[in-house]
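Contents: one structure, followed by commentary.
The values are calculated or read from the model by the stated rules, or taken from the named source; none is laboratory data. Computed from a predicted model, the values in this text were never measured in an experiment. Here the Cβ positions follow ideal geometry from the backbone for every residue, glycine too, while neighbour counts run over all protein chains shown. Only protein heavy atoms, including side chains, enter the accessible area calculation; ligands, DNA and RNA are left aside. Shrake-Rupley method; radii C 1.70, N 1.55, O 1.52, S 1.80 Å.
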Amino acid sequence: VWTDFERTTIQDIFSKIDYAVVGQAAFSRCLIVYPWTQRYFGGFGNLYNAAAITSNPRVASHGKVIMEALEKAVKDMDNIKATYAELSALHSEKLQVDPDNFMLLGHCLTIVVASQLSKAFTPEVHAAFQKFLAVVVSSLRKQYY
Ligand code: ZNH
């Protein structure tokens with residue numbers, strides 16, 4: 001259950017950020033800071049070092065894909081589990097991604113959003129964003145068993 005503050009805060013954050021910029025920054029940061037997450041992206045070509053990761057076009061486009069998936073959650077905040085049912089099954093059955101990785105990406109996203117919002121990223125805004133990420137992650141975990 002979301003408070004009015006949480007709803008407006010999440011919608012506000014997503015209306016302010018550029019998905020291409022934030023998605024690329026957050027996803028490349030995740031691959032750099034948690035290098036074992038690279039193992040799922042063997043098909044993405046050169047991830048040899050930080051410079052290669054940040055300039056890799058497939059990293060950039062996948063970052064944006066992730067942000068667009070998050071937008072679906074933002075647009076229907078009361079049905080995130082249903083929205084992500086298929087995506088959860090895909091990550092579990094086909095991609096076989098360890099679900100612990102979801103929040104690692106969430107932390108990277110928090111850092112990028114915080115640096116973009118600057119002073120507007122107050123403790124209350126952080127709490128709302130963290131709650132949103134927790135719901136997203138638990139929804140993505142749903143189809144794992
Ligand atoms: Zn993921 C894919 C979302 C996280 C891994 N993903 C994907 C997609 C999407 C997503 C939308 C596409 C699908 C289709 O195509 O259908 N993710 C997502 C989200 C998140 C994520 C929302 C959170 C927040 N992922 C993740 C992580 C990882 C992953 C963390 C690892 C580490 N994904 C993945 C892979 C893939 C995906 C591997 C596939 C790619 C390609 O393209 O190949």
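Applying a threshold of 9 Å to beta carbon distances and a minimum spacing of six or more residues, or different chains, the list of pairs starting in the range 35-49 at a residue that is over 11 Å from residue 101 (Cα atoms) and among the aliphatic types (A, V, I, L, M) and ending at one that is within 12 Å of the ligand (Cβ to nearest atom) and at pLDDT 95 or above reads 47/31; 47/35; 47/38; 47/41; 47/59. State whether one or more residues within the range 57-67 are farther than 28 Å from residue 128 by Cα and not in a loop (DSSP other than H, G, I, E, B). Scanning the range 57-67, I find at least one residue that is farther than 28 Å from residue 128 by Cα and not in a loop (DSSP other than H, G, I, E, B), so the answer is yes.
Scan 88, 92 and give me the residue that is in contact with a helix residue (DSSP H, G or I) (Cβ under 6 Å, 6 or more places away or on another chain), open to solvent by less than 70 Å² (accessible area, probe 1.4 Å) and either modelled with pLDDT under 95 or more than 21 Å from residue 25 (Cβ to Cβ) (or both).
Values: 92 fails: in contact with a helix residue (DSSP H, G or I) (Cβ under 6 Å, 6 or more places away or on another chain).
On inspection, the qualifying residue turns out to be 88.
This table checks each residue for (1) among the β-branched types (Val, Ile, Thr); (2) more than 13 Å from the ligand (Cβ to nearest atom); (3) in contact with a Phe, Trp or Tyr (Cβ under 9 Å, 6 or more places away or on another chain).
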| residue | (1), (2), (3) |
| --- | --- |
| 83 | yes, no, no |
| 90 | no, no, no |
| 95 | no, no, yes |
| 102 | no, no, no |
| 121 | no, yes, yes |
| 132 | no, no, yes |
| 139 | no, no, yes |
| 145 | no, yes, no |
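Residues that are away from the ligand (no atom under 11 Å from the Cβ) and farther than 15 Å from residue 21 by Cα were ranked within the range 104-119; the one that is surrounded by the most Cβ atoms within 10 Å (Cβ to Cβ) is 118.
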